[in-house]
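Working notes, beginning with the structure itself.
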Amino acid sequence: MLTVRRLATGLLLSALATVCHASELQAFTTDGCSRFPDRSRNGKPDWCHCCAAHDVAYWRGGSAEERLAADRELKACVQKASQDDGLAALMYVGVRAGGGPYYNTSYRWGYGWPFGRNYTPLSADEQVLAAQLEHQYRLVNPTLACPAQTVRDTDAKVP
């Protein structure tokens, strides 16, 4: 009887934790390409829209496989936008090395959630919440345009 009671208590606490955890997702934000230049000064097309789309996936978080897919999509988008295989590869290596969920940064995998979530797939309730918050953001910014900013000095170093 004691084992059944412990199991029931554990299941109840787990369910409550999931419901409470789902409400902790912050509104979506993007900073463009985080600590990487958003664009080039030499007239090539910008790749910042690739970073903003990538930020949606990083904000939501989820499994390690979902992160890998998001990083591969970023690489493909940057390559298409810039026509620069080296730039795309560099960005891919950068997000693989520095975007993990174990770093307490504003651009980590799952940055919309409190630090410590790591590679946790979203529950059905969390997926609904994430979709609602993303929809609210896209009502104001339907194309996921990057934040307006001037080209930084560091941008001049990128081809």
Beta carbons within 10 angstrom, averaged per residue: use that to sort the peptides 48-59, 85-96, highest first.
48-59, 85-96
Distance in nm between label sites at A89 and A27, each 7 Å beyond Cα in the beta-carbon direction?
4.1
What is the pair-distance distribution P(r) of segment 43-144, computed from all Cα-Cα distances in 10 Å bins starting at 0, with each bin given as a whole percent?
16, 44, 33, 7, 0
Where trypsin sites (Lys or Arg not before Pro) fall in DSSP loop in segment 26-92, at most 13 other Cβ within 10 Å
R35
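Summing +1 for each Lys or Arg and -1 for each Asp or Glu, what net charge is found among the other residues whose Cβ lies under 15 Å from the Cβ of G98? Walk me through the numbers before you get to the answer.
Values: positive: R35, R67, K75, R96, R108; negative: D31, D55, D71.
It works out to a net charge of +2.
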So how do E24, E66 line up by other beta-carbon neighbours within 10 Å, fewest first?
E24, E66
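Just so you know, all these numbers are worked out from the coordinates, no wet-lab data involved. Small disclaimer: the values here were computed from a predicted structure and weren't measured. No Cβ is skipped: glycine too gets one built from the backbone with ideal geometry, and neighbour counts run over all protein chains shown.
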